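The values are calculated or read from the model by the stated rules, or taken from the named source; none is laboratory data. Small disclaimer: the values here were computed from a predicted structure and weren't measured. Note that we place each Cβ from the backbone using ideal geometry, even for glycine, and neighbour counts take in every protein chain shown. Just the protein is used for accessible areas: all its heavy atoms, side chains included, with ligands, DNA and RNA removed. Shrake-Rupley method; radii C 1.70, N 1.55, O 1.52, S 1.80 Å.
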Amino acid sequence: MSRVGLVLGGGGITGASYHLAALLAINMATGWDPNDAEVIVGTSAGSFVASTVRAGELSIDSIVRPHEGREQVAERINKQIYQRQRPAGIVRWVRRGLIPSLRKPGVTVLLGTPALHHAGGIADWVEEQTGEISASWPERATVIVAFDIASGSRVAFGTENGPDVALKDAVAASSAVPVIFSPYEIDGRYYVDGGVVSGTHADLLLGNTQPLDLVLVLAPMAADEAREGARFYEGVFDRVGRTALADELQAIEAAWPDSDILVLRPSPMVLEVMRPNPMDPAGAVPTFVRTLASLRNKLARPDVWSILDRHLTVSSHRPIHW
C-alpha cells in the first residue's frame, strides 16, 4: 500500500465541511480510509477534521446528525463553537500585537486581540466527537499547527519538538482565529490559529522518516478560481494561501522527487456557499452537499483519477457511480 501524507488546510466552519465531504467522496470512489494516512497535518478547521479522522469517526454524521435539518445543524454548531466571554487580555495584545505592528505593519496587529468568544467550545466539540482520544494523542503520526504569540512562530503539536498537549487543546489552539476568538492558553502560553502563518503547512510532512508516495492536500483557502461576485479580500486570502502552499510543495518536490502530489481546492460552485463568511454555521450543510456534487466530476478527471487509482484504490473496492 502507498504511503500517504494527508494535509488538511484551514478554512473555517465551511472549510471543515469541505474536508469532510471531500474525504468521504474519496473514500466512496476508492475505498481508501483516510485514517490509513501515514501522516496527517491539520491546521485550524483541518485540525478538527484530522482529529475526527484519527478517532475513526469520519462519516456523514460528522456534520449532520440523524433527524437534523439544515437550520438545526447551524444552530448546534453555533452554540457549540461560539461560547461568549468577557473580552480580556488587552495588555497582552498591546505587547504582542499592537506594538510589533507599529514596527512592522501586517497581521501581527491582530495577534492576541481581545475577543467575545473563547475556543473552549472547540475543545469540547473535539471531546464530544472523538471520545477518549481527545485527552491524549493519536497513535498514528498526527501534526496539529498553531501559532505561539510570545515566540512569534508556528508550533507543530504532535512532533518531537512540539509541546506535549491533549489533542482537544491542540485543535482549540490551532482554531483560535484572531479577533473572533481570544488566544487559547496551554500551560501558560498563548496560541492562535495556525493559519496566520500558512493555511496548509504541507512542508511539515518532510519530518516523516521516509519519503511518501502520495501527498494529498485539501486547501479550502487556496482556491485557484474565483466565484462570481467575490469580495476583494477573498482573492487576497486565496493568493496568500496559494503562494504559501506553492513554496511548501516546492520543498517537498525537491526532497522527494518521486512523490506524487495532488491538491484539491473548492470550485466556484462550492465557493458560492462557502463564502463570503467561512465562519458562518449556516454554510456548513450547503458546502458539504455542493462539495460532494463538485467532486463527482473532479475525481473522475483522468489526471486526478490516475493518481487516486495508483495510490488509494483498494483492490476489492468497486467505485460508487454517483
### Message
Going residue by residue through region 109-124, is there one that turns out to be charged (D, E, K, R) and either touching a strand residue (DSSP E or B) at 6+ places or on another chain (Cβ under 8 Å) or at pLDDT 90 or above (or both)?
### Response
yes
### Query
Out of all the residues in region 179-196, is one or more assigned to a loop (DSSP other than H, G, I, E, B) and within 24 Å of LEU264 (Cα to Cα)?
no
#### Entry: In region 224-242, residue nearest to THR200 (Cα to Cα) [restricted to those that are assigned to a helix (DSSP H, G or I) and open to solvent by less than 80 Å² (accessible area, probe 1.4 Å)]
GLY241
### Task
Any chance you could count how many residues in region 23-65 are within 21 Å of LEU212 (Cα to Cα), of a type in the set (A, V, I, L, M) and over 10 Å from the mean Cα position of the chain (by Cα)?
6
### Task
Among residues belonging to region 45-68 that are modelled with pLDDT under 90 and outside any helix (DSSP H, G or I), point out the one that is least open to solvent (accessible area, probe 1.4 Å).
ILE63
### Query
So how many residues does region 243-291 have that are surrounded by 19 or more Cβ atoms within 10 Å (Cβ to Cβ) and either within 28 Å of ILE81 (Cα to Cα) or modelled with pLDDT under 95 (or both)?
20
### Query
Since GLU253 meets every condition but one in (1) outside any helix (DSSP H, G or I); (2) touching a strand residue (DSSP E or B) at 6+ places or on another chain (Cβ under 8 Å); (3) farther than 19 Å from ARG154 by Cβ, which condition does it not meet?
(1)
### Summary
For region 218-241, pairs from a residue that is over 19 Å from SER17 (Cβ atoms) and touching a residue at least 12 places away in the same chain (Cβ under 8 Å) to a residue that is in a helix (DSSP H, G or I) and among the charged types (D, E, K, R), with Cβ under 8 Å and 6 or more apart or across chains, are ASP224/ASP238; ASP224/ARG242; ALA226/GLU234; ALA226/ASP238; GLU228/GLU272
### Query
If we keep just the residues of region 117-151 that are free of Cβ contacts under 8 Å to residues at least 40 places away in the same chain and not in a helix (DSSP H, G or I), which is most open to solvent (accessible area, probe 1.4 Å)?
GLU139
### Summary
Checked LEU216, LEU212 against criteria (open to solvent by less than 20 Å² (accessible area, probe 1.4 Å), within 25 Å of THR291 (Cβ to Cβ) and not in a loop (DSSP other than H, G, I, E, B)); the one match is LEU216
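A quick yes/no check of all residues on (1) modelled with pLDDT of 85 or more; (2) surrounded by 22 or more Cβ atoms within 10 Å (Cβ to Cβ):
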site	(1), (2)
LEU8	yes, yes
THR14	yes, yes
ASN27	yes, no
ASP36	yes, no
PRO87	no, no
SER101	no, no
